[in-house]
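See structure below.
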Amino acid sequence: MKTKFFLLILFFSTSCFSQPVLDKELDRITDSVLAVNPLIPGMIVSYVCGDYKWEKAKGYADLEKKIPMRLENTYRIGSVTKTFTISVLLQLVDEGKVSLDEKISKYFPDIPNAENITVKMLANMRSGLYNYSESKEFEDTLTNRPSKVWTDDELVQLALKYPPYFPPDSNFHYSNTNTILIGKIIEKVTGSKWQDEVKKRIFEPLGLKNTWTANGRDMIGDYSHGYMQMDSSSSKLTDVTSYYDVTWASAAGDIISNIDDIKIYLRALGTGKFYSPRIQDARKEWAITHGNLKYGLGMFSVGGFLGHNGGIPGFTNFSGYSPEKNCSIIVVYNTQREGADMPDELAKRLLRVAGVLE
């Protein structure tokens with residue numbers, strides 16, 4: 001299964017709903033998504049804008065035992081992990097320990113064309129390096145050996161078996177390989193594991209009590225189960241909560257959290273709490289603009305909502321915060337599917353109804 005970056009375009013309109021009516025409309029929309037999509041077991045949705053707060057958990061966290069989804073449930077955040085990893089990298093830049101403009105040959109002299117790839121190109125997905133998770137070899141291994149423990153070096157070597165997508169800085173292609181390399185740079189510079197640096201620099205200062213880097217296959221906390229449709233010809237959902245060893249995601253996607261912690265984190269991310277204003281401005285030098293979507297240094301902007309989306313076996317989510325409007329939205333499904341019923345699409349509908357303008 002390929003981890004992809006889902007491009008989305010949001011078009012906002014002014015809401016004419018009063019608060020009680022908006023509450024009912026958000027309920028109606030989220031209920032309708034579950035009603036017409038039997039392959040979505042459950043969802044957690046949080047929309048907070050100023051003093052307005054609407055949060056609901058719907059459907060099932062455990063289909064077999066019919067345990068309802070709860071707001072407190074932890075889930076795998078997938079590629080939202082990238083925003084954490086690159087926040088640590090940017091702290092190191094702010095401290096003068098890394099430069100965005102330095103060539104990655106300083107850290108990885110054996111990577112072809114490394115003398116023409118900068119650290120910044122890794123962070124904004126313009127390196128051209130092949131995405132290991134798009135390879136057939138990776139797909140086959142994940143299918144046939146789901147419990148395989150991957151090392152970062154294995155992931156990088158797998159990527160290097162394939163030619164680059166384009167010359168450095170000539171285009172944009174979302175690639176997990178870039179963030180794996182950033183995790184390795186963090187380790188080379190600090191002498192600590194990237195997981196320890198994220199914990200020390202982000203989890204602990206923000207007081208995130210329900211956020212962890214994953215280890216192996218097991219979930220942590222009061223978690224929701226995650227599901228997948230393993231056979232497209234069948235409507236059966238398979239519980240994959242602990243089926244795959246997530247070392248394959250590493251610094252690109254292995255964090256577990258819940259919506260309370262992610263709300264705290266998104267505000268810090270959106271306001272640039274982790275580093276100087278100079279670095280926050282650099283983070284928002286967009287490498288690509290596609291409609292209302294912009295992608296910068298490990299963070300996107302969708303209609304002014306800063307954050308990321310994430311997909312990993314069993315879970316998908318959209319997580320964003322608008323510092324201008326002081327609004328956050330988080331949509332979590334405990335399934336991984338691609339298509340029109342992604343959390344991105346539900347987030348679009350809810351923000352449109354709420355009348356949040358860029």
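The values are calculated or read from the model by the stated rules, or taken from the named source; none is laboratory data. What you see is a predicted model; the values in this text were computed from it and never measured. Heads up, the Cβs are rebuilt from the backbone with ideal geometry, glycines too, and the neighbour counts pull from every protein chain shown. What goes into the accessible areas is simple: the full protein's heavy atoms, side chains included, and nothing from ligands, DNA or RNA. Shrake-Rupley method; radii C 1.70, N 1.55, O 1.52, S 1.80 Å.
Here are the numbers:
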{"item": "Kirkwood Rh and Cα Rg combined as Rg/Rh, the stretch 237-316", "result": "1.03"}
{"item": "Candidates per GluC sites (Glu not before Pro) in the stretch 292-353, loop by DSSP, up to 15 other Cβ within 10 Å", "result": "Glu324, Glu338"}
{"item": "The stretch 132-210 - Debye-derived log10 I(q)/I(0), Cα point model, q = 0.12 Å⁻¹", "result": "-0.49"}
{"item": "Cross-link reach list, aspartates and glutamates versus Lys24, counting only Cα pairs under 18 Å and skipping chain neighbours closer than eight places", "result": "Asp51, Glu55"}
{"item": "Amide H partners (placed H, <5 Å) of Ala61, local residues excluded", "result": "Ile67, Met69"}
{"item": "HN-Hα J in Hz across the stretch 165-177 - Karplus 6.51, -1.76, 1.60, θ = phi - 60°, x for Gly and Pro", "result": "6, 6, x, x, 6, 9, 6, 10, 8, 5, 9, 4, 4"}
{"item": "Flagged links, alpha-carbon separation over 29 Å, of Lys58/Lys294; Lys193/Lys325; Lys193/Lys284", "result": "Lys58/Lys294; Lys193/Lys325"}
{"item": "Partner aspartates and glutamates for Lys136 [C-alpha distance under 20 Å; skip if fewer than 8 residues away on the same chain]", "result": "Asp152, Asp153, Glu154, Asp231, Asp245, Glu338"}
{"item": "Cross-link reach list, aspartates and glutamates versus Lys97, counting only Cα pairs under 20 Å and skipping chain neighbours closer than eight places", "result": "Glu115, Glu187, Asp196, Glu197, Asp281"}
{"item": "Nonlocal amide H pairs with Val240, under 5 Å, H built at 1.01 Å", "result": "Gly226, Tyr227, Met228"}
{"item": "Accessible area in square angstrom per residue, the chain, 1.4 angstrom probe", "result": "40"}
{"item": "Cα pair count fraction exceeding 37 Å, expressed as % - the chain", "result": "14"}
{"item": "Size of electric dipole in the chain: Cβ of Lys, Arg +1 and of Asp, Glu -1, about Cα centre, debye, nearest 20", "result": "380"}
{"item": "Cβ crowding within 10 Å averaged over residues, with 45-53, 175-183 ranked highest first", "result": "175-183, 45-53"}
{"item": "Gaussian network model of the chain, springs between alpha carbon atoms under 10 Å - residue of Phe318, Phe172, Phe300 with greatest fluctuation", "result": "Phe172"}
{"item": "Carbon + sulfur, % of accessible area of the chain - ligands and nucleic acids excluded, 1.4 Å", "result": "49"}
{"item": "Angle in degrees between helix 343-354 and the longest Cα principal axis of the chain, rounded to the nearest 10", "result": "50"}
{"item": "Coil-residue trypsin sites (Lys or Arg not before Pro) of the stretch 173-252, DSSP, other Cβ within 10 Å capped at 16", "result": "Lys193, Lys209, Arg217, Lys236"}
{"item": "Degrees separating the helix 81-94 axis from the principal Cα axis of the chain, which is the longest one", "result": "50"}
{"item": "5 angstrom amide H check on Ile288, placed H, neighbours 5+ away", "result": "Tyr295"}
{"item": "Average projection area in nm² (convex hull over Cα atoms of the stretch 176-332, one quarter of hull surface)", "result": "10.7"}
{"item": "Distance histogram in 5 Å bins (all Cα pairs of the stretch 43-179, percent per bin)", "result": "2, 8, 13, 16, 14, 12, 11, 10, 8, 5, 1"}
